[in-house]
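Written below as structure tokens is the structure these notes are about.
Here, each number is a calculation from the coordinates, and none is a lab measurement. Quick caveat: nothing in here was measured; it's all calculated off a predicted structure. Neighbour counts are summed over all protein chains in view; Cβ atoms, including those assigned to glycine, are modelled from backbone coordinates with ideal geometry.
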Ligand code: CP
Ligand code: NVA
């Protein structure tokens, strides 16, 4: 494993290796055991979109590993004035030991990896959010003990989160159900792959898809970059809300996860969100541990 561009590129063993290391790093952190294994290394973090969790967890994680992180806003970089990604990749490779990038097009992340000579980590594109799903899988395994026999149901927009959940959950052997309106389904090629390689279904029927699910997952109706479509999307996603009716058909004791930020009253009710706050905020914490594991695997 040279980069983390999307979960589809990883083997099951890569994912399990990251999760095992993440568990170890979490344990060590809780017990005051330091692990400065990236001493002297620098991660550049390019952001073309906003972030709370990704920015802070990567920066803090790098500090805990003994290295440092540079926050590079596209507003300040020449990339924001049109310097090609091929050139940016080659220049940054001279100074840095790794790059985390949050941007729009998946192709930009792939190009950064292709033209640069250092590890590239996808910190979210319109297509994928692999770091989030590694933290999600870590949280599921922590609470359920293993992935065996588990079913995850994602309710809402077939966006970057839905795509990465399909790839990650199928790779670890979970069943995946997606409840999305017809015009907002996940990536078609990824759904074909999931149907061929796992237990997968995608239908507009929320209660049918959520039936007996062990994990219910949702995300915003309008992602970053889709702000102009917010009103249209609000209409299209009526009924695609994680609420008591959805929880009533899920398996008793089902977990609820949300990548955050959440829009209470839209994709999730305040009641469900608060009833599952322990899981959702542990999921947010696990971003730190899972990403530290990714950085150790790629940059040590
Ligand atoms: N879940 C997530 O990636 O959050 P941020 O947008 O705050 O980084
Ligand atoms: N789908 C959301 C995820 C945010 C972490 C977005 O892309 O804005």
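Quick look at the values:
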read-out	value
Spherically averaged projected area in nm², based on the convex hull that wraps the Cα atoms of segment 1-144	8.8 nm²
Nearest-ten-degree value, helix 277-299 long axis tilted from longest Cα axis of the chain	30 degrees
Å³ per residue enclosed by the Cα convex hull of segment 63-169	134 Å³
Semi-axes of the equivalent ellipsoid for segment 85-128, Cα gyration tensor, largest first, Å	17, 10, 7
Efficiency of FRET from Cβ geometry, residue 34 and residue 263, R₀ 41 Å, rounded to 0.05	0.60
Debye intensity ratio I(q)/I(0), log10, segment 171-236, q values 0.14, 0.18 Å⁻¹ (C-alpha model)	-0.50, -0.78
Calculated [θ] (222 nm, deg cm²/dmol) that DSSP helices of n ≥ 4 give over the chain, each run adding -39,500 (n - 2.57)	-14000 deg cm²/dmol
Residue-span extension gain [residue 90 to residue 42] - 0.36 nm each, minus C-alpha spacing	15.7 nm
Centre separation in Å (Cα based) which lies between segment 4-18 and segment 118-196	12 Å
FRET efficiency for residue 148 and residue 271, using Cβ-Cβ distance with R0 set to 35 Å, rounded to 0.05	0.70
Max mean-square fluctuation residue, GNM over the chain, Cα-Cα springs under 10 Å, options 63, 277, 189	189
With Cα atoms, 0 to 90° folded angle of helix 130-144 axis to the chain main axis	60 degrees
Tilt relative to the chain, helix 188-197 - C-alpha long axis, 0 to 90 degrees, to 10	80 degrees
Cα-based equivalent ellipsoid of the chain: semi-axis lengths in Å, sorted from largest, via gyration tensor	31, 22, 17
Orientation-averaged projected area, Cα convex hull of segment 101-160 (nm²)	5.4 nm²
Residue of 284, 236, 13 that the Gaussian network model of the chain assigns the largest fluctuation, springs spanning Cα pairs under 10 Å	13
Directionally averaged shadow of segment 29-85, computed from the convex hull of its alpha-carbon atoms, nm²	4.7 nm²
Shape of segment 143-300, Cα gyration tensor, a/c cut at 1.5	rounded
Relative contact order (%) - criterion: Cα under 8 Å, at least six apart; region: the chain	20 percent
Segment 146-199 - Kirkwood radius from inverse mean 1/r over Cα pairs (Å)	11.0 Å
Over segment 117-266, relative contact order from alpha-carbon pairs under 8 Å, at least 6 apart, %	23 percent
